Structure formats: structure tokens, C-alpha cells
1. For the stretch 132-148, check the following and say yes or no: at least one residue is in a helix (DSSP H, G or I) and loosely packed, with under 13 Cβ neighbours inside 10 Å.
2. I need the full set of residues from the stretch 80-100 which are assigned to a helix (DSSP H, G or I) and either surrounded by fewer than 17 Cβ atoms within 10 Å (Cβ to Cβ) or free of Cβ contacts under 8 Å to residues at least 24 places away in the same chain (or both), in order please.
3. Suppose the filter is out of contact with any strand residue (DSSP E or B) (no Cβ under 9 Å at 6 or more places or on another chain) and on the phi > 0 side of the Ramachandran plot; does Gly122 pass it?
4. May I ask you to verify whether Arg110 is assigned by TED's automatic domain parsing to the domain that holds Ser63 and within 15 Å of the chain's Cα centre (by Cα)?
5. Condition first: among the aliphatic types (A, V, I, L, M), under 15 Å from Arg55 (Cβ atoms), buried (at least 21 other Cβ atoms within 10 Å of the Cβ) and out of contact with any Cys (no Cβ under 9 Å at 6 or more places or on another chain). Can you find one or more residues in the stretch 118-127 that meet it?
6. Could you tell me which residue of the stretch 42-61 is farthest from Asn103 (Cα to Cα), considering only residues that are surrounded by fewer than 16 Cβ atoms within 10 Å (Cβ to Cβ) and out of contact with any helix residue (DSSP H, G or I) (no Cβ under 8 Å at 6 or more places or on another chain)?
7. Can you tell me how many residues in the stretch 56-79 are of a type in the set (S, T, N, Q), in contact (Cβ under 8 Å) with a residue 40 or more places away in the chain and closer than 12 Å to Arg153 by Cβ?
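The values are calculated or read from the model by the stated rules, or taken from the named source; none is laboratory data. It should be emphasised that the depicted structure is a prediction, and the values quoted were computed from it without experimental measurement. Cβ: placed from backbone, ideal geometry, glycine included. Neighbour counts: every protein chain shown.
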Amino acid sequence: MIFNKSTYKLILASIFAMLLSACAQQSAKIDSQIQGDVYTGTDTVEYLADGVPDRVFFATNESVLTTASRETLRKQAAWLRKNSSINVVLEGHADERGTREYNLALGERRANAAKDYLMTYGISENRISVISYGKERPVDSGSNPLAWSKNRRSVTVKAN
């Protein structure tokens, strides 16, 4: 089969359009899980109780709570008020970038930010412990922006 020049160009344009479409669909999937550089998906989230997520996420090198993080912590506080016999540990985490020491300090600031917020909603300080794991316990071992955003977190777990 012999193609003329215009048919050849049309085939190449169609292939190029399909490739661009595939790239755009992949990009949209990633963008729906990262807002700015903060993870917004739920595939790594577990639950303290029905409808009460166990973790909040942070921007790069930040320990400031996002709007979504504050909403999650309000749900946790409401649940903890109803379950006054339960104590929790707030685990602070960081992504793989930076030194071990820096990330341990950053993880501690993140866990303390969550602790302070829970305390403003009536949870007693003596019910909350804080520990930082820095970059030592990633939830996603990838080395890319999506993995990093999943790892910048504070996780609330029931204390033993």
C-alpha cells in the first residue's frame, strides 16, 4: 500500500493527537491527587472510625495546617470527645528529601501542629503523645512529587 504525502501527514497528526490525549489524561489523574504540592487523594488514608480519616497532609517544608487538614482534625476531635477513654499518638512524617535531623524536627513540628489543633477543640493534652519518624517510614517509596506529597503527613493512631 502506497501513501501519498497528505495521507502520511494525516496519520502522523492522528498519532500525535492520541499521544497528547493520553498524556493529558495522566496529568489530570495526578493533579486530582495534588493541590499545590499537598496530597488530596485518599488511597493512603486509613480511618480512626467511620468517616474519620487518620491523617493530614502538609506542603513542602511546612508544618502549617491546610484547610482540609483542619477539617480532618475537627472530625478527629469530635470522635475523641465521644470516646474519652481513648488516647492517641500523633506520628509526624516527612518526605525523603533533606537530612535525617531536619526531617525528624519537621515531623515533630507537624505532629505538634495537629496536637495543638486537637487541643483547641477540647482534647486534653494528657491524651495525646507526639513522635516523629521524619523520613524513616514513607507510605510511598517513590521518588516523585506525588510520593513526596503522600509522605508529608501527621498520622493519628490509637495509643496502646
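1. No, that holds for no residue.
2. Step one: filter the stretch 80-100 for residues assigned to a helix (DSSP H, G or I), giving 80-82, 100.
If the condition is that a residue be assigned to a helix (DSSP H, G or I) and either surrounded by fewer than 17 Cβ atoms within 10 Å (Cβ to Cβ) or free of Cβ contacts under 8 Å to residues at least 24 places away in the same chain (or both), then Arg81, Lys82, Arg100 are the ones that fit.
3. Working: out of contact with any strand residue (DSSP E or B) (no Cβ under 9 Å at 6 or more places or on another chain): yes; on the phi > 0 side of the Ramachandran plot: yes.
So Gly122 fits the description; yes.
4. Values: assigned by TED's automatic domain parsing to the domain that holds Ser63: yes; within 15 Å of the chain's Cα centre (by Cα): yes.
The answer is yes for Arg110.
5. Taking the stretch 118-127 and keeping what is among the aliphatic types (A, V, I, L, M), we get 118-119, 123.
Filter again for under 15 Å from Arg55 (Cβ atoms), leaving 118.
Keeping just the survivors that are buried (at least 21 other Cβ atoms within 10 Å of the Cβ) gives 118.
Remaining after also requiring out of contact with any Cys (no Cβ under 9 Å at 6 or more places or on another chain): 118.
Yes, there is a match, as at least one residue in the stretch 118-127 is among the aliphatic types (A, V, I, L, M), under 15 Å from Arg55 (Cβ atoms), buried (at least 21 other Cβ atoms within 10 Å of the Cβ) and out of contact with any Cys (no Cβ under 9 Å at 6 or more places or on another chain).
6. So, considering only residues that are surrounded by fewer than 16 Cβ atoms within 10 Å (Cβ to Cβ) and out of contact with any helix residue (DSSP H, G or I) (no Cβ under 8 Å at 6 or more places or on another chain), the one farthest from Asn103 (Cα to Cα) is Asp50.
7. At the first step, the residues of the stretch 56-79 found to be of a type in the set (S, T, N, Q) are 60-61, 63, 66-67, 69, 72, 76.
If we keep only those that are in contact (Cβ under 8 Å) with a residue 40 or more places away in the chain as well, we get 60-61, 63, 69, 76.
Next cut, closer than 12 Å to Arg153 by Cβ only: 63, 69.
So the count comes out to 2.
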